[in-house]
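The values are calculated or read from the model by the stated rules, or taken from the named source; none is laboratory data. The model shown is predicted, which means the values in this text are computed figures rather than measured ones. Note: ideal-geometry Cβ built from the backbone for every residue, glycine included; neighbour counts use all protein chains shown. The area values use the complete protein model at the heavy-atom level, side chains included, leaving out ligands, DNA and RNA. Shrake-Rupley method; radii C 1.70, N 1.55, O 1.52, S 1.80 Å.
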Amino acid sequence: MSLEAGKKQAAKAAMEFVEAGEIIGVGTGSTVNYFIDFLAGVKGKIDGAVSSSVVSTERMQAHGIKVYDLNDVNGMSIYVDGADESTRNLHLIKGGGGALTREKIVAAASEKFVCIADDSKLVNRLGKFPLPVEVIPMARSMVARKLMKYGGQPVLREGFITDNGCEILDIQGLDILDPLTMEQEINQIPGVVTVGLFAERGADVLLLGGENGVERIDP
Ligand code: 5RP
């Protein structure tokens, strides 16, 4: 089975979590794009969505799904988003698409984070996928020097500016033993907007699409 087929299966399985009349938190990425397309099929059933990126907003609006500003809603019942890596206890690396800050905000505003991915994203330890860190541009070099203590190599994502007007350092070559502590420490560095570790608030359920259908993992 192709990775795309796995993503699509996972996205379809997430539709079971969508309840009538709700406002849904929606993430960013190729897996979420499948979810948005499924959501379009039931757009009369939901009230609308809160989006984690300009690109997801545009895709939903093209489908006629109403997109709310987060400031205009009281919170969401579910947030559906992909991941670059996940462990079995649902700690994640996210931000491959550069939307990590808004993703973390929308996840925090939602009761349940439903993570959808193809089964190649499941890992024993996080870190093989370069860890994204969104930074205020003037602090980029200083933050990069401080990140060296984790043993990896921070690399500027060339030619990429986030929806928040910031830059991204991707830390290559990490082996993350304690994601929770690392998330807390990196978030404390002045100039860091967000680190793409989702451990403090990981996923609540992981739906992994693969050869044998969709595996559901709860922490
Ligand atoms: C975007 C993300 C995505 O969820 C992550 O990169 C996975 O993307 P894809 O579904 O395309 O594999 O964090 O910032």
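Given an 8 Å cut-off on Cα distances and at least 6 residues of separation, report the relative contact order of the range 29-80 as a percent. Let's see the in-between values first.
Values: 33 pairs, mean separation 19.0, N = 52.
Once divided by the residue count of the range 29-80, the mean separation gives 37 percent.
Starting from the Cα gyration tensor of the range 2-59, multiply each eigenvalue by 5, take the square root, and state the resulting semi-axes largest first in whole Å.
18, 14, 8
Can you put F198, F160 in order of accessible area, largest first, using a 1.4 Å probe?
Details: F198 0, F160 60 Å².
From most accessible down to least: F160, F198.
For each pair in K104/K128; K12/K45; K7/K121; K45/K66, compute the distance between the two Cα atoms and list the pairs where it is over 18 Å.
K104/K128
Using a 1.4 angstrom probe on the protein heavy atoms only, line up D118, D163 by accessible area, largest first.
In descending accessible area the options line up as D163, D118.
Note the direction-averaged projected area, equal to a quarter of the hull surface, for the Cα convex hull of the range 104-202, in nm².
With the hull built on Cα positions only, its mean projection is 6.8 nm².
Report the Stokes-Einstein translational diffusion coefficient (µm² s⁻¹, integer) for the chain, Rh taken as the Kirkwood radius over Cα pairs, at 37 °C with viscosity 0.692 mPa s.
189 µm²/s
Quick one: with all protein chains in place, what share of the accessible area of the range 95-158 is carbon or sulfur, to the nearest percent (1.4 Å probe)?
That share works out to 54 percent.
Please give the solvent-accessible surface of K149 in Å², to the nearest 10, using a probe radius of 1.4 Å with every protein chain present.
140 Å²
For M148, tell me the accessible area in Å² from a 1.4 Å probe, rounded to the nearest 10.
Number for this one is 90 Å².
Could you order E167, E58, E22 by accessible surface area, starting with the largest, using a probe radius of 1.4 Å?
E58, E22, E167
Let me cross-check R157: its accessible surface, 1.4 Å probe, with only protein heavy atoms counted, in Å² to the nearest 10?
Ignoring ligands and nucleic acids, R157 comes out at about 40 Å².
Starting from the Cα of R125, move 7 Å in the Cα-to-Cβ direction to define the label point; list residues of the range 138-155 whose amide nitrogen is under 11 Å from there.
It comes to no residues whatsoever.
Using a Förster radius of 41 Å, what is the FRET efficiency between D175 and E58 based on their Cβ-Cβ separation? Nearest 0.05, please.
On the way: r = 37 Å, r/R0 = 0.90.
FRET efficiency, D175 to E58: 0.65.
Using Cα pairs closer than 8 Å and at least 6 residues apart in sequence, work out the relative contact order for the chain, in percent.
25 percent
When ligands, DNA and RNA are left out and all protein chains stay put, how many square angstrom of accessible area per residue does the chain have with a 1.4 Å probe?
The answer is 45 Å² per residue.
Full extension from I161 to M148: what is 0.36 nm times the residue separation minus their Cα-Cα distance, to one decimal in nm?
Gain on extension, I161 to M148, equals 2.5 nm.
Once you put a point 7 Å from the Cα of K66 and another 7 Å from the Cα of V42, both along the Cβ direction, what distance in nm separates them?
Taking the simple label geometry, K66 and V42 are separated by 1.8 nm.
At a threshold of 8 angstrom on Cα-Cα distance, excluding pairs fewer than six apart, so keeping six or more, what relative contact order does the range 16-115 reach in percent?
Reported as a whole number, the value is 33 percent.
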